[in-house]
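Here's the structure, in structure tokens; my notes come after.
The values are calculated or read from the model by the stated rules, or taken from the named source; none is laboratory data. Bear in mind that the values here come from a model prediction, so they are computed numbers and not experimental data. Virtual Cβ from ideal backbone geometry, glycine too; neighbours counted across all protein chains shown.
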Amino acid sequence: MTKVKVIVERGSDNKYSAYMDYYEFDFGLAGFGNNPKAAIDDFYMAYEEEKAMCANEGKECPELIFEICYDVCSFLNYYENILSKSGLEKVTGINQKQLWHYSSGKRQPKSETAKKIQERIHQFADDLRQVQFV
């Protein structure tokens, strides 16, 4: 199995794309949609279609494991029904008004800010992973 990075990002047309960032195969995969989930779902459908085409042509299609990587806007929109901006402010230390600007695409975070958000989200995920109920 080959691990492949999939980039999910919002375009200037306010649509989302999910595309494979790997160029060693004789095919590429991409998905598109009005939101990050739709783009990711379309991406997975493209992979299933590629596997079916390979099977029809008698070719072997590589087994792929996808690592989903988001731009900040796509991440905030993908998880908007789960993680509130208020809650994310507490987790990341970034003002929720600023998070709204990032999620709307009006502003792009600096790379240091994006890294800070990522690190704090990972710390929060690690904290959740340690939860045990009695």
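Any idea how many residues of the stretch 85-102 are surrounded by 13 or more Cβ atoms within 10 Å (Cβ to Cβ) and hydroxyl-bearing (Ser, Thr, Tyr)?
2
Out of (1) more than 19 Å from Glu9 (Cα to Cα); (2) touching a strand residue (DSSP E or B) at 6+ places or on another chain (Cβ under 7 Å); (3) not charged (D, E, K, R), the odd one out for Phe43 is which?
Looking at each condition in turn, Phe43 falls short on (1).
Those residues that are of a type in the set (D, E, K, R) and touching a residue at least 24 places away in the same chain (Cβ under 8 Å), I need them from the stretch 105-129; list them, please. Steps first, answer last, please.
If we filter the stretch 105-129 for residues that are of a type in the set (D, E, K, R), which is where we start, we get 106-107, 110, 112, 115-116, 119-120, 126-127, 129.
Lys116, Arg120 - these are the residues of the stretch 105-129 that are of a type in the set (D, E, K, R) and touching a residue at least 24 places away in the same chain (Cβ under 8 Å).
I'd like the full set of residues that are crowded, with 20+ Cβ neighbours inside 10 Å and either of a type in the set (Phe, Trp, Tyr) or in the same structural domain as Tyr78 (by TED's automatic domain parsing) (or both), limited to the stretch 12-26.
Once the filter is applied, which keeps residues that are crowded, with 20+ Cβ neighbours inside 10 Å and either of a type in the set (Phe, Trp, Tyr) or in the same structural domain as Tyr78 (by TED's automatic domain parsing) (or both), the stretch 12-26 yields only Tyr16.
With respect to the numbered conditions (1) in a strand (DSSP E or B); (2) crowded, with 18+ Cβ neighbours inside 10 Å, which one is the sole condition not fulfilled by Val4?
(2)
If we scan the stretch 108-116, do we find a residue that is surrounded by fewer than 16 Cβ atoms within 10 Å (Cβ to Cβ) and over 20 Å from Ile7 (Cα atoms)?
Within the stretch 108-116, not a single residue is surrounded by fewer than 16 Cβ atoms within 10 Å (Cβ to Cβ) and over 20 Å from Ile7 (Cα atoms).
Would it be correct to say that Ala30 is surrounded by 12 or more Cβ atoms within 10 Å (Cβ to Cβ), in the same structural domain as Asp13 (by TED's automatic domain parsing) and small (Gly, Ala, Ser)? Outline the logic, then answer.
Working: surrounded by 12 or more Cβ atoms within 10 Å (Cβ to Cβ): yes; in the same structural domain as Asp13 (by TED's automatic domain parsing): yes; small (Gly, Ala, Ser): yes.
Yes, satisfied.
Got a sec? Which helices (runs of 4 or more DSSP H) wholly within the stretch 29-134 have at least 3 residues that are aliphatic (A, V, I, L, M)? Lay out the reasoning, then the answer.
On the way: elements: 36-56, 72-78, 85-92, 96-104, 111-129.
Fully inside the stretch 29-134 and qualifying: 36-56, 111-129.
From the list Glu49, Glu9, Glu80, pick out the single residue that is surrounded by fewer than 19 Cβ atoms within 10 Å (Cβ to Cβ) and touching a residue at least 24 places away in the same chain (Cβ under 8 Å).
Numbers: Glu49 fails: touching a residue at least 24 places away in the same chain (Cβ under 8 Å); Glu80 fails: touching a residue at least 24 places away in the same chain (Cβ under 8 Å).
Exactly one of Glu49, Glu9, Glu80 is surrounded by fewer than 19 Cβ atoms within 10 Å (Cβ to Cβ) and touching a residue at least 24 places away in the same chain (Cβ under 8 Å), namely Glu9.
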